[in-house]
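Shown below is the structure under consideration.
The values are calculated or read from the model by the stated rules, or taken from the named source; none is laboratory data. The model shown is predicted, which means the values in this text are computed figures rather than measured ones. Methodologically, a virtual Cβ is constructed for each residue, glycine included, from the backbone with ideal geometry; neighbour enumeration extends over all protein chains shown. SASA here: full protein model, heavy atoms, side chains in, ligands and nucleic acids out. Shrake-Rupley method; radii C 1.70, N 1.55, O 1.52, S 1.80 Å.
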Amino acid sequence: MTRGRAPGKVILLGEHSVVYGHPALASIPRYVTVDLAPAKEARIELPGGIQTPFALLEAAVAMAREAGFPGMFHARLQSDIPLGSGLGSSAALGVALARALKPGCTPEHAAALAMCVERVLHGAPSGVDPAACAREGVIFFTRGESPRIEPVRGSAFIVVALSGIARGTHSTVMPLAERRKSDPRMDPLMARLGDLAREGRELFERGDLLRLGKTFDAAHASLRDLGVSCPELEEVVAALRRAGALGAKLTGAGGGGAAIGLARDEPHAQRLAEQTGGFAVGIGE
C-alpha cells in the first residue's frame, strides 16, 4: 500500500480572474489523504459513503496510466476538507492520488497529473488549485503555457466559514466565460481582481493586515459585481464582518461554498470562528 497526502486551498485573492491570466494568492493547511493498493479493478472510496462519479474514476485511471502505475487500484480517501466547499478538495484528491500512484514525484509533476481530475470536474481550470495543493504555504500563481508559481513570505490567521451550499467550479466558471463574450464589464472586473491580488501579496508580505482586510472587502465587491456570490454567501461575509473580521470575502468559484475572514492574530481568529461557526487556520510561514 502507498499513501499520498496534499493540502487543500483557499483563494485569498484572484479567483475567476486567474482563469484569464491574472494572478491569484492561495493557501490552506488542511489535508486530503489517499491510501492506495493494487486491485483487479479501479475503485475510489470517498468518505461518508459518497458515490464516486464515473467521470472521476475514468480520470483517475487515466492519471494512473500517465504516472506509469501498473494495473488497477483501490484508493481510499480521507479528508479534513469539507467536500464541495470551494476549498480545493478535488485538486487535493488529485495531488494526493498522484503521490500515491507515483511516490516521490515532484510538486510540479503531482500538479500536472492532478489536472487529469481537474479538467473532468471543472471544465476549464486555471491550474491554481493543484499548484497550491502540491505545495505548502502561500503561493502567487499566474496562468500560462508554463505557469508562474512564486512562494510568498509572511503569515496570517483566517477564518473559513461555510455557506451550506455546495457548488462546483464548472457551474460558475463556464457561465462567466460565455458572459465575457458579450458583456464589456467582465474584463475590467477581472483586471481589478488581478490588481487586488498583486496588492494583497505586497500587504501580506509586509504584514499590513488592516489594509489587507480592506483588499479582501474590495475583492468581494468585485466578485459580487461579477455575479458569483449568492444570498447565503452574502450572509456569511456579513456575519464575519459583524464578528470583527478585518475584511471578508467569498473564496473560490462562488455560488455557494465558503467565505473567509481575516483576523488580527490566532486568538482573534478563534473568537471569529466561535461566533460564526467557522474554523480558524494559520496560513504562510
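So that you can scan it fast, the table gives a plain yes or no per residue for (1) at pLDDT below 85; (2) aromatic (F, W, Y); (3) touching a strand residue (DSSP E or B) at 6+ places or on another chain (Cβ under 9 Å):
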{"residue": "T106", "(1), (2), (3)": "no, no, no"}
{"residue": "H109", "(1), (2), (3)": "no, no, no"}
{"residue": "M115", "(1), (2), (3)": "no, no, no"}
{"residue": "V120", "(1), (2), (3)": "yes, no, no"}
{"residue": "G127", "(1), (2), (3)": "yes, no, yes"}
{"residue": "A134", "(1), (2), (3)": "no, no, yes"}
{"residue": "E145", "(1), (2), (3)": "yes, no, no"}
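Turning to a different aspect of this structure: Mind counting the residues in the range 112-128 that are charged (D, E, K, R) and within 14 Å of K9 (Cβ to Cβ)?
Selection size over the range 112-128: 1.
Follow-up question, since we're still on this one. If I ask for residues that are crowded, with 24+ Cβ neighbours inside 10 Å and in contact with a His (Cβ under 8 Å, 6 or more places away or on another chain), which ones from the range 248-258 would you list?
Correct list: A248, K249, L250, G254.
What number goes with the only condition from (1) over 18 Å from the mean Cα position of the chain (by Cα); (2) open to solvent by less than 20 Å² (accessible area, probe 1.4 Å); (3) closer than 26 Å to L83 by Cα that G261 does not pass?
(1)
Right, something else. Could we say that R241 is part of a helix (DSSP H, G or I), of a type in the set (D, E, K, R) and within 21 Å of I139 (Cβ to Cβ) here?
Spelling it out, it is not the case that R241 is part of a helix (DSSP H, G or I), of a type in the set (D, E, K, R) and within 21 Å of I139 (Cβ to Cβ).
Tell me yes or no: at least one residue of the range 19-36 is open to solvent by 20 Å² or more (accessible area, probe 1.4 Å), free of Cβ contacts under 8 Å to residues at least 40 places away in the same chain and in a helix (DSSP H, G or I).
Within the range 19-36, not a single residue is open to solvent by 20 Å² or more (accessible area, probe 1.4 Å), free of Cβ contacts under 8 Å to residues at least 40 places away in the same chain and in a helix (DSSP H, G or I).
Is one or more of the residues making up the range 201-220 touching a helix residue (DSSP H, G or I) at 6+ places or on another chain (Cβ under 9 Å), farther than 15 Å from L262 by Cα and buried (at least 17 other Cβ atoms within 10 Å of the Cβ)?
No; the residues of the range 201-220 include none that is touching a helix residue (DSSP H, G or I) at 6+ places or on another chain (Cβ under 9 Å), farther than 15 Å from L262 by Cα and buried (at least 17 other Cβ atoms within 10 Å of the Cβ).
Now for a different question. Kindly indicate the residue of the range 73-90 that is assigned to a loop (DSSP other than H, G, I, E, B) and of a type in the set (A, V, I, L, M) and also most open to solvent (accessible area, probe 1.4 Å) among those meeting that condition.
L83
Tell me yes or no: at least one residue of the range 150-167 is open to solvent by 30 Å² or more (accessible area, probe 1.4 Å), out of contact with any Gly (no Cβ under 7 Å at 6 or more places or on another chain), assigned to a loop (DSSP other than H, G, I, E, B) and not aromatic (F, W, Y).
yes
Further question: Name every residue in the range 91-134 that is touching a residue at least 60 places away in the same chain (Cβ under 8 Å), open to solvent by 10 Å² or more (accessible area, probe 1.4 Å) and under 20 Å from G284 (Cβ atoms), in order of residue number.
Correct list: D129 only.
Still on this structure, I have one more. Select from the range 60-72 the residues that are in contact (Cβ under 8 Å) with a residue 24 or more places away in the chain, surrounded by fewer than 23 Cβ atoms within 10 Å (Cβ to Cβ), not in a loop (DSSP other than H, G, I, E, B) and not acidic (D, E) and list them in ascending order.
Of everything in the range 60-72, those that are in contact (Cβ under 8 Å) with a residue 24 or more places away in the chain, surrounded by fewer than 23 Cβ atoms within 10 Å (Cβ to Cβ), not in a loop (DSSP other than H, G, I, E, B) and not acidic (D, E) turn out to be A62, M63, A67, M72.
Right, next: What number goes with the only condition from (1) modelled with pLDDT under 90; (2) under 14 Å from the mean Cα position of the chain (by Cα); (3) not in a helix (DSSP H, G or I) that F140 does not pass?
(1)
A quick yes/no check of all residues on (1) closer than 26 Å to V159 by Cβ; (2) of a type in the set (G, A, S):
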residue	(1), (2)
E58	no, no
R65	no, no
L87	yes, no
A100	no, yes
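Conditions: (1) over 15 Å from the mean Cα position of the chain (by Cα); (2) under 18 Å from L46 (Cα atoms). L113 meets all but one. Number of the miss?
Just one mismatch for L113, condition (2).
Now a separate question. Determine which member of the set G227, G255, G247, G261 is of a type outside the set (V, I, T), closer than 30 Å to R180 by Cα and touching a Cys at 6+ places or on another chain (Cβ under 6 Å).
G255
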